[in-house]
1. Provide the percentage of antiparallel DSSP beta bridges, counting only those with both residues in the chain; round to the nearest 5.
2. So if we plug the beta-carbon distance of Y65 and R88 into 1/(1 + (r/R0)^6) with R0 = 30 Å, what FRET efficiency do we get, rounded to 0.05?
3. Just need the relative contact order of the chain here, percent rounded to a whole number, with Cα pairs under 8 Å and 6+ apart.
4. Which value in nm describes the separation of the simple spin-label points at A17 and E30, placed 7 Å from the Cα toward the beta carbon?
5. Select from V68, Q19, Q91 the residue farthest towards the positive end of the dipole of the stretch 3-115; place +1 on Cβ of Lys and Arg, -1 on Cβ of Asp and Glu, and compute about the Cα centre.
6. For the chain, what is the mean residue ellipticity at 222 nm derived from helices alone (per DSSP H run of n ≥ 4: -39500 (n - 2.57); sum divided by total residues; nearest 500 deg cm²/dmol)?
7. Would you mind computing, in nm to one decimal, how far apart the modelled labels at T2 and A47 are, each placed 7 Å from Cα along Cα→Cβ?
8. Quick one: Karplus J couplings for the stretch 35-44, per residue in order, coefficients 6.51, -1.76, 1.60, θ = phi - 60°, nearest Hz, x for Gly and Pro?
Amino acid sequence: MTFERLVAEVLDELPPAFQEKLDNVDVVIEDWPSHETLRRAGARHPAHLMGFYQGVPQTKRSRRYGLVLPDKIILFRGPIERHARTERDVQRLIRRVLRHEIGHHFGLDDDRLRDIGAY
């Protein structure tokens, strides 16, 4: 199964309440993070960054938030596949990384994500 199809399946698994709240979020796949993305994420090596959230978390939006480009969740194919041995591992990592980045979209920081086991 293709990486894109695995991502689509994981997105389809999300509860409807979460899917509805992702209406202004693009989920994109890139092969590897750029140098700028690594810098912004505080990552030292491209293989260590499997996903990245770009946007304004829902908890930080004011009444003036509108007519903006969609937020973006980027999944990095290279690092995810590098950390996986099987297709099932790829799917498991996609699920974990996607849910982690969705947590950022909902305003959860890395400390809170660690606390709830989403890291």
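1. 40
2. With a Förster radius of 30 Å, E is 0.20.
3. It comes to 30 percent, rounded to a whole number.
4. 3.3
5. Going by the charge dipole, the pick is V68.
6. When only DSSP H runs of four or more count, the value is -13000 deg cm²/dmol.
7. 2.7
8. For the stretch 35-44, the Karplus-derived couplings read 4, 5, 5, 4, 4, 5, 7, x, 9, 9 Hz, x marking Gly and Pro.
We did not get these values from a lab; they are worked out from the coordinates using the rules stated. Everything numeric in this text was worked out from a predicted model, so none of it was measured. All Cβ positions, glycine included, derive from the backbone under ideal geometry; neighbour counts span all protein chains shown.
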